[in-house]
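Since the structure comes first, as structure tokens, the remarks are kept for the end.
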Ligand SMILES: NC(=O)c1ccc[n+]([C@@H]2O[C@H](COP(=O)([O-])OP(=O)(O)OC[C@H]3O[C@@H](n4cnc5c(N)ncnc54)[C@H](OP(=O)(O)O)[C@@H]3O)[C@@H](O)[C@H]2O)c1
């Protein structure tokens, strides 16, 4: 019997990378990224769908540079708003299930306190990125096909460019870091997102009514913290021999001006995900420690070489370590205020 065909768009992104592994048991995965597909070009999107004819499409690609989006609104809109609509229309023609990711930045952060934002709370994005993602969600809904939209929060991973790796790099080089304390959210490991996605998809595809679970869900780690709390936890978990940093100073958002305004409160209530699929992500701190265990593991080839000929101890970032080039502090999705003294 033919295996179900799964198309993952955004293979090299934080979430897309993890999805390649977690979705593999559910079917034959075709994973693509720019430039094989260009989400600014509708014909490229349509061609991939008509040629691969997948039963499941997972869109993990997006324009995620929150600050840059303020000066590139058209490109951001094409990728985050127009392309998801086209994907949803094409998926519907094929009767395929579409999985799409959204963001906590569709909210303005005014709901501070309580159990966090619910799926049907009023949205009011503060910037171009949030507006484009919200428009993408609406386009998927309007297409009227089978879909799962997962709204994520503060995504990090052990590869790519993100807050975790940026803080680790800075903590190796600098004695003090200054990080904003007045933005609160749920740091969520991309691997957990991919695991939860696979489990929710499996249940959806197995349901007698194919449209049974169609809808929008909040998907984030349990608990909450500030960017400052997240940074402190990262630095504390680093082995002392690998770090120069002795303290993380809390600063106010006003002390770290950025092109895009960010919500002060981004906590997502994930009760609907739990009620519907029986899924609940672990506490953000527990996941962070698990992610750091993975980050410290040397790649297999290096481990084999080390076993054959003893080497000096590896740095905490593994043999390649996190990127430490001169690039500015891009923290995946442009999140997290880190300021350099
Ligand atoms: N990161 C966060 O903190 C966060 C928080 C909430 C929600 N989300 C959402 O979660 C999803 C996954 O985010 P992520 O952090 O995994 O994203 P990511 O690491 O930034 O990866 C995005 C991927 O999209 C690709 N892409 C960009 N422009 C493209 C284009 N024109 N055509 C085709 N592919 C293109 C990128 O390729 P290049 O690298 O070549 O540009 C990259 O591989 C996104 O929908 C994002 O909006 C993210």
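Values quoted throughout were computed directly from the atomic coordinates according to the rules given, and no laboratory measurement underlies them. If you're wondering where the values come from, they're calculated on a predicted model, not measured in any experiment. All Cβ positions, glycine included, derive from the backbone under ideal geometry; neighbour counts span all protein chains shown.
What the table below lists for this structure:
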| quantity | calculated |
| --- | --- |
| Evaluated at q = 0.15 Å⁻¹: base-10 log I(q)/I(0), Debye formula over Cα of segment 1-90 | -0.55 |
| Centre separation in Å (Cα based) which lies between segment 38-62 and segment 251-281 | 28 |
| Length gained when the stretch residue 203-residue 4 is fully extended (0.36 nm per residue, less Cα-Cα span) | 70.2 nm |
| Measure of compaction for the chain (Cα Rg per 2.2 N^0.38 Å) | 0.99 |
| Inter-label distance for residue 280 and residue 142, nm, one decimal - labels placed 7 Å from Cα along Cα-to-Cβ | 3.8 |
| Counting DSSP beta bridges with both ends in the chain, the antiparallel % (nearest 5) | 10 |
| Centre separation in Å (Cα based) which lies between segment 76-116 and segment 200-237 | 14 |
| Per-residue [θ]222 nm for the chain (sum of -39500 (n - 2.57) over DSSP H runs n ≥ 4, rounded to 500) | -10500 deg cm²/dmol |
| Whole-angstrom Cα spans of segment 115-209 along principal axes, big to small | 57, 30, 26 |
| DSSP bridge orientation in segment 169-308 - percent antiparallel, rounded to nearest 5 | 20 |
| Extended-chain gain in nm, criterion 0.36 nm per residue less alpha-carbon gap, residue 41 and residue 75 | 11.2 nm |
| Two-decimal log10 I(q)/I(0) for segment 59-161, as the Debye equation yields it once each C-alpha is a single scatterer, q = 0.13, 0.15, 0.20 Å⁻¹ | -0.48, -0.63, -1.04 |
